[in-house]
Amino acid sequence: MTVGPPTSTVDRRRPRGSRVCLALALTGVVILPAQPSSQGAPSASAARAVLDRYCVTCHNERLRTGNLTLDTADVDRVGEQADVWEKVLQKLRTEAMPPPGRPRPDPDAYQAVATWLETELDGAAASRPNPGRPTIHRLNRLEYTNAIRDLLGLEVDGAQMLPSDDLAYGFDNNADILTVAPGLLERYMSAARKIARLAVGDPTIDVDVARYVVSALHVQDDRISEELPFGSRGGAAIRHHFPLDGEYEVRIALRSNTVRNSREPQEIDIRLDGARVALLRVGRWPEGTELAPRATDGALSARFPVRAGTHVVGVTFARRTRVVEGVAPERLPPWVFGTGPGFLERMAVSAIEVEGPFNPDTVGGGVSDPDETASPHRLFVCRPTGRDDENACATQILATLARRAYRRPVVADDLDVLQGFYDEGRRAGTFETGIQRALEMMLVDPEFLFRIERDPAGVPPATAYRLSDVELASRLSFFLWSSIPDDELLDVAAEGRLSDPAMLEHQVRRMLADSRSSVLVTSFAAQWLHLRRMGSVTPDVNAFPEFDDNLREAFVRETELFLESQFRDDRSVVDLLSADYTFVNERLARHYGLPNVYGSRFRRITWDDDRRRGLLGHGSILTVTSLATRTSPVVRGKWVLENLLGTPPPPPPPNVPELPESTGRETPTSMRERMEAHRANPICASCHTRMDPIGFALEHFDAVGRWRDTEGGTPIDTSGTLPDGTTFAGLPALREVLLERRNEFVSTVTEKLLTYALGRGIEYYDRPAIRAIVRQAEENGYRWSSLILGVTRSQPFQMRRSEP
C-alpha cells in the first residue's frame, strides 16, 4: 500500500565505539567484568585528566553544579562512590555533557573513559553484590483480578471493586506506593465477600443489575467487534459473569435522538456466545408486524436462561443501507433526509443492562454448554457424600486453594486457621457455606494480598542472599503473567528445581507461550509507551471533528497487535523502531490514507515507504504526545528521550511561561517559529536543544497522527540538530539516528522491563546488571526472549538484601 514518498536526510557524525565484553554467569547471580585489554587500555590517570579538563570546571566543590563534585572524587576507588560514577557514565555514554557551547572531548576520549569506568563499576558490583531490598508488595488491582481468575476460574470486574493504583517510575506495580489505607482494606473485605459468594454459587445471591455504557462518541455504522456476526452494525459485545444457572434479563437503552428521528425499521439481535437468543424489532414496521415488548423506561428487553459462568453477550443491529436502491455512500449530505437534530444519525445503543438471576437452577433448553472452568467446578475438587466425610473434603479443598493462593506449600497452621472459619460457616449453614466463609478469610489474608519475602534465619544483616525457589516462582509469575504461579511452576519450585538455569529457561519459555503472557502488552508495554492515556486524551472537537471513539480504539488496538506480533515472533527489540508493517482496520486505514481496506477486522499490511515505519508512526503514540489543539515538539521530544533513549530532561524551572497559542488574528506562525522564540530564553534553551529537534522530526504528523505537508499554509520544516552535531530531517532520518544508538534504546527497554519485574525503581547498584543483560542479549540479536530471560537470571531478580 502506497502512503507517500519518503522525505528525509541524515548526517551521521557520531561514530560508535566497540562495546566492553563482560561475562555474565548463567545463574545471573554473579556479574564478572571482563579483563581490560592491555593494549591501549585506559587508566585511572587518563580518566582523571579528561575529567579535569572538561568536567571539573563546573562540577567542583565550590559550584556543585548538578549536585555533582568531581574534583574530589577518587578515581582509584570507583566502587566506593558508585552512585556518583554511574551518573558520570550515563552522561559519557550519551555524550550529554559537557553542554553545547563548551569544549568537548573527541569521540575516542568519550569511549575510552566510559569503557574504563564501566569496567571498574561492573567489577566492583561483582565483588560486592547489592540486589536491593524491595518492600512488601501489595497486589495491585490488575494482579488481584488476575489472581482471582487463576485461583477460582472467576472473571471479576476489578475496576468496580477496587480503586486504581498510582504510578511510580512509570508503572502501577511499584511496591513503595502500594500501601493499604483503612478505606482500601474495607474495599478488599467487601470484594472478598462478593467473590466468595460467586465462587461457591451461593443460591441466595440477590438479583443484581450490571450496566454497560456505550460511549456517545462511538459511531455505530459498522461491525463493532469480532464477537458480533457479519452483516451487523453497532451495538456492543460484553463479557459478563453469570453467577448461577437461571434466567437473566438483558435491557437495551437506545440513544434518544436516534429513536426519535429514525424513519426505518430496525432489528436488534441479542446473542449469547454467538448464538441468537432474541430478535427485537423497533421503528416503523408494517401493520401486523409483531413488535418486541418495551420496558417502562422505554428500553427494549429480553429474558432467557443462562448457565453459570462467564459469557459474551452481544447486542447489535442488522446492517441496512440508507437508501432503498443503489450503493449508499459512506456519508450522505444533510439535505437527503430533511432537517432536525440527529436526523442523519442511525439508531444506536447507549447502554446494556444485565439483570438476574431470576428463578435460579431453572435453566432449560441448553442455551449454552456448561463452562467447565466456571468457579464452582474449579473450587470443589471433591464433594462429600455425607456429614461424616465433610471435614476431610473441606480440608482437601482448602489445602488446594491455600497452596495456590499463598503461592507456597501450606503448613498445619494455615489449615488450622482456615478450618476454624469453615467450622464457623458450617455451623451457620451448609457445607458450601463453610467453604464460602473460609474463602472469604483466605482472600483478605496478608499471605494472599501481599507478596512477602522473608529473610532466612542466620543471614547476617545487610547481606545479599538468593531467594528461595518458591519466592522466585512468585516473582516470575507476577512478572510474566501479573498473576499467581500455576501448579506446574509451584511444583517445580517446591521441589527446588526452579533455580536450575535450564529449568528456569524452560519455565520462562513455557510461560511466554501461554496466553496469560499477553499482559506484557496490555500492562507493561501499555504503561511504558503511555497507551493507557489514550482513554483520557480529548482532541479538540473544533480542530479535529473527525476524531471519535472508533479511531481512539483503533489506535490502541493497532499498537497492541503490533507489540503482540513482536513478542509472539520473538523479534529483535530494535525492530520496534523500524518494522515495515502494522495492523489496520477500515477506520484506521481511512485515517492513514490507505485504500482498499474494509470492515472492522484488523489485518496486517506492509508499508511501501518508510515514513510511518515503527512505533513512532503509530497514531496512538503521536496522539498521546500532543496537546488538545496542536502538536507539541516538546512533549514528543521528551517522550522519545525518556522512553526510548533513557535520558529524560530535568523538570522545567519554575515560572517558565507557556508557549503562546496562535490566535489567528496575527500573521500565522509555524510551530517551529513559536518554539524558536520560546527557546531564546537561555533558561529554556539548555533542555530544549535536546527535545525540540526530535519533536520537529515528527511535525509531519498532526495532533491525531494524520499526515500533513503544511501548517497554516506554511511548508513544514522537520530538520533538526542534536547537541552533538548530528543533523536529520523527518521521521525516517530520526529513526536512523535512533538505530545508530540502539544500545541506548535496548538499555532503556531493559531498564523498563527490570523496573516492572522488580516492582521498584532502578537504583545505581542495578546498572551493572542492566549492562550485563544487554550484552548477553546482543549475542542473540536483542530478541525479546533474550532480554526477558536476562531479567529473570539477573542478580536483582534472583537475589535480595537482608534487613540492615
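The values are calculated or read from the model by the stated rules, or taken from the named source; none is laboratory data. Everything numeric in this text was worked out from a predicted model, so none of it was measured. Reconstructed Cβ throughout: ideal geometry from the backbone, glycine too, with neighbour counts over all protein chains shown. The accessibility values were calculated without ligands, DNA or RNA, using every heavy atom of the protein model including side chains. Shrake-Rupley method; radii C 1.70, N 1.55, O 1.52, S 1.80 Å.
The table below lists the values:
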quantity: Residue under evaluation residue 48, criteria (1) at pLDDT below 50; (2) buried (at least 16 other Cβ atoms within 10 Å of the Cβ), criterion not met; calculated: (1)
quantity: Residue 433 vs. criteria open to solvent by 20 Å² or more (accessible area, probe 1.4 Å), within 43 Å of the chain's Cα centre (by Cα) and among the β-branched types (Val, Ile, Thr); calculated: yes
quantity: Of all residues making up the range 376-398, the number that are open to solvent by 30 Å² or more (accessible area, probe 1.4 Å) and in a helix (DSSP H, G or I); calculated: 10
quantity: Test for residue 563: is it free of Cβ contacts under 8 Å to residues at least 60 places away in the same chain, assigned to a helix (DSSP H, G or I) and either among the aliphatic types (A, V, I, L, M) or open to solvent by 10 Å² or more (accessible area, probe 1.4 Å) (or both); calculated: yes
quantity: The range 482-531, residues that are polar (S, T, N, Q) and either at pLDDT below 95 or closer than 30 Å to residue 166 by Cα (or both); calculated: 482, 483, 515, 517, 518, 522, 523, 527
quantity: Members of the range 536-554 that are among the small types (Gly, Ala, Ser) and open to solvent by 30 Å² or more (accessible area, probe 1.4 Å); calculated: 536, 543
quantity: Selection within the range 436-467 - open to solvent by 60 Å² or more (accessible area, probe 1.4 Å) and within 31 Å of the chain's Cα centre (by Cα); calculated: 446, 454, 466
quantity: Filter result (closer than 19 Å to residue 478 by Cα, open to solvent by 20 Å² or more (accessible area, probe 1.4 Å) and part of a helix (DSSP H, G or I)) within the range 746-785; calculated: 751, 752
quantity: Residue 613 assigned to a loop (DSSP other than H, G, I, E, B), at pLDDT 95 or above and within 26 Å of the chain's Cα centre (by Cα); calculated: yes
quantity: Residue list for the range 169-197, filter: outside any helix (DSSP H, G or I) and over 17 Å from residue 450 (Cβ atoms); calculated: 169, 170, 171
quantity: Which listed residue, of 577, 622, is in contact with a strand residue (DSSP E or B) (Cβ under 8 Å, 6 or more places away or on another chain) and aliphatic (A, V, I, L, M); calculated: 622
quantity: Test: residue in the range 84-104 that is more than 37 Å from the chain's Cα centre (by Cα) and open to solvent by less than 70 Å² (accessible area, probe 1.4 Å); calculated: yes
quantity: Matching residues in the range 405-425 - criterion: being touching a residue at least 60 places away in the same chain (Cβ under 8 Å) and not in a helix (DSSP H, G or I); calculated: 407, 408, 409
quantity: Residue that is nearest to residue 154 (Cα to Cα), among those in the range 481-539 that are assigned to a helix (DSSP H, G or I) and among the hydroxyl-bearing types (Ser, Thr, Tyr); calculated: 515
quantity: Tally of residues being under 18 Å from residue 739 (Cα atoms), open to solvent by less than 20 Å² (accessible area, probe 1.4 Å) and not small (Gly, Ala, Ser) across the range 566-620; calculated: 11
quantity: Matching residues in the range 492-510 - criterion: being of a type in the set (Asp, Glu) and more than 17 Å from residue 797 (Cβ to Cβ); calculated: 495
